[in-house]
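**Student:** One structure is given below, represented as structure tokens, and several questions about it will come after.
Nothing in this text is a laboratory measurement; each read-out follows from the coordinates by a stated rule. Small disclaimer: the values here were computed from a predicted structure and weren't measured. Heads up, the Cβs are rebuilt from the backbone with ideal geometry, glycines too, and the neighbour counts pull from every protein chain shown.
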Amino acid sequence: MESEKLTIGKLIEKEVRKQQIPITEFARLICCQRNNVYDIFKRSKIDIVQLKQISKVLRWNFFKELADDLELINEEEMSGADVKKQKAVSQFFEVVPNILRELGKPSTIIFCKLDEPGYEDCATPDFGLPDYFITFTIGDTLQERIGNNLALPIGVVHDSTNNCEVEVCTNVIYGSVCVNVKLDYKTQDEWRKVLLLAFETYDRFGRR
């Protein structure tokens, strides 16, 4: 008898059951109705924003699961853009931690969020390096993500030699600086070059 195909929904259900989180409570934490949770458990595809929220709530990196098993990405039931984003994120978690270790940097990648009351719905980067204010936005630039904001002016640092670039976002109110990298599909060499540029830029602008 052929075994049932593993899906992203089944992985989420397994982790919810393992952590013994009541379905009603899990629904509240991911901001959906109880019945929708059971629908999520049946899915073979899932929106990246929702998967990021679920990963944060369960404190389990499902993007790493996708990186370890690309068959979990159901190309037949997803738009080309969604497939491209999920493959890019999967590759990111497979490649970037190794490059960070090669560079002698901590390899931990965290989910970005704003905990301050009233800022829950503000556009933020998707991932970040906890020991540096270096962030990553899936599929678009930080400028595209947050738009024009006088309190958060964004500039671009371009490395013409290696044909890569990063964004520098200054928080005028707090005086802090964030270096952002667009998270799309890159070769391992391209990721190495853009990460080197990100750290160089952080050392120039981010250390105050």
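**Student:** Sorted from fewest to most neighbouring beta carbons within 10 Å, what does the list Asp184, Asp189 look like? Walk me through the numbers on the way to the answer.
**Tutor:** Numbers: Asp184 19, Asp189 10.
Fewest-to-most Cβ neighbours within 10 Å comes out as Asp189, Asp184.
**Student:** Can you pull out the trypsin sites (Lys or Arg not before Pro) in segment 1-47 whose DSSP state is coil and whose Cβ has at most 10 other Cβ atoms within 10 Å? Please list the in-between numbers first.
**Tutor:** Details: sites: Lys5, Lys10, Lys14, Arg17, Lys18, Arg28, Arg34, Lys42, Arg43, Lys45; in loops: Lys5, Arg43, Lys45.
Hits after loop and neighbour filter: Lys5.
**Student:** Would you calculate, for the chain, the mean residue ellipticity at 222 nm contributed by helices, counting each DSSP H stretch of 4 or more residues as -39,500 (n - 2.57) and dividing by all residues, to the nearest 500?
**Tutor:** Working: 8 runs with 87 residues, N = 208.
After summing the helix terms and dividing by residue count, I get -12500 deg cm²/dmol.
**Student:** Sticking with this structure for a sec: By DSSP, what percent of the beta bridges with both residues in the chain are antiparallel, rounded to the nearest 5? Let's see the in-between values first.
**Tutor:** On the way: 16 of 21 bridges.
Once the DSSP bridges in the chain are tallied, antiparallel ones form about 75 percent.
**Student:** Starting from 0.36 nm per residue, how many nanometres of slack lie between Lys56 and Val172 once their C-alpha separation is accounted for?
**Tutor:** Taking Lys56 through Val172 to full extension adds about 38.9 nm, to one decimal.
**Student:** Looking at the chain, which longest stretch skips every one of the chymotrypsin sites (Phe, Trp or Tyr not before Pro) that is in a DSSP loop with at most 12 other Cβ atoms within 10 Å, leaving the sites themselves out? All intermediate terms of the calculation are to be shown ahead of the outcome.
**Tutor:** Values: sites that count: Tyr119, Tyr174.
With chymotrypsin sites (Phe, Trp or Tyr not before Pro) excluded where exposed in loops, the chain gives 1-118 as its longest stretch.
**Student:** At Thr108 and Gln19, where each label point lies 7 Å from the Cα along Cα→Cβ, what is the point-to-point distance in nanometres?
**Tutor:** Rounded to a tenth, the inter-label distance reads 1.7 nm.
**Student:** Can you tell me the 0 to 90 degree angle between the C-alpha axis of helix 188-201 and the longest principal axis of the chain, rounded to 10?
**Tutor:** It works out to around 50 degrees.
**Student:** Could I ask something else about it? What percent do you get for the relative contact order of the chain when only Cα pairs under 8 Å and 6+ apart count? Mind dumping the intermediate values first?
**Tutor:** Working: 284 pairs, mean separation 29.8, N = 208.
Normalised by residue count, the contact order of the chain is 14 percent.
**Student:** Of all beta bridges DSSP finds with both residues in segment 105-206, what is the antiparallel percent, to the nearest 5? Working shown, then result.
**Tutor:** Working: 16 of 21 bridges.
In segment 105-206, DSSP labels about 75 percent of beta bridges as antiparallel.
**Student:** Segment 167-208 to segment 11-71: how many Å between their Cα centroids?
**Tutor:** About 30 Å separates the Cα centre of segment 167-208 from the one of segment 11-71.
**Student:** With θ taken as phi - 60° and the coefficients 6.51, -1.76 and 1.60, list the Karplus ³J(HN,Hα) couplings across segment 7-23 in order, rounded to whole Hz; mark glycine and proline as x.
**Tutor:** Using θ = phi - 60°, the values come out as 10, 5, x, 5, 5, 5, 4, 4, 6, 4, 5, 4, 7, 6, 8, x, 4 Hz.
**Student:** While we're here: ³J(HN,Hα) across segment 29-36 via Karplus (A = 6.51, B = -1.76, C = 1.60, θ = phi - 60°), whole Hz, x for Gly/Pro?
**Tutor:** Along segment 29-36, the couplings run 5, 9, 6, 9, 7, 4, 4, 5 Hz.
**Student:** Would you mind checking which residues have amide H under 5 Å from Phe127's amide H? H placed 1.01 Å from N; only 5 or more apart, or other chain.
**Tutor:** For Phe127, the qualifying residues are Cys112, Phe136.
**Student:** Which one, [x] 57, 39, 31; [y] 63, 30, 25; [z] 56, 42, 29, gives Cα extents along the principal axes in Å as derived from the coordinates shown?
**Tutor:** Entry [x].
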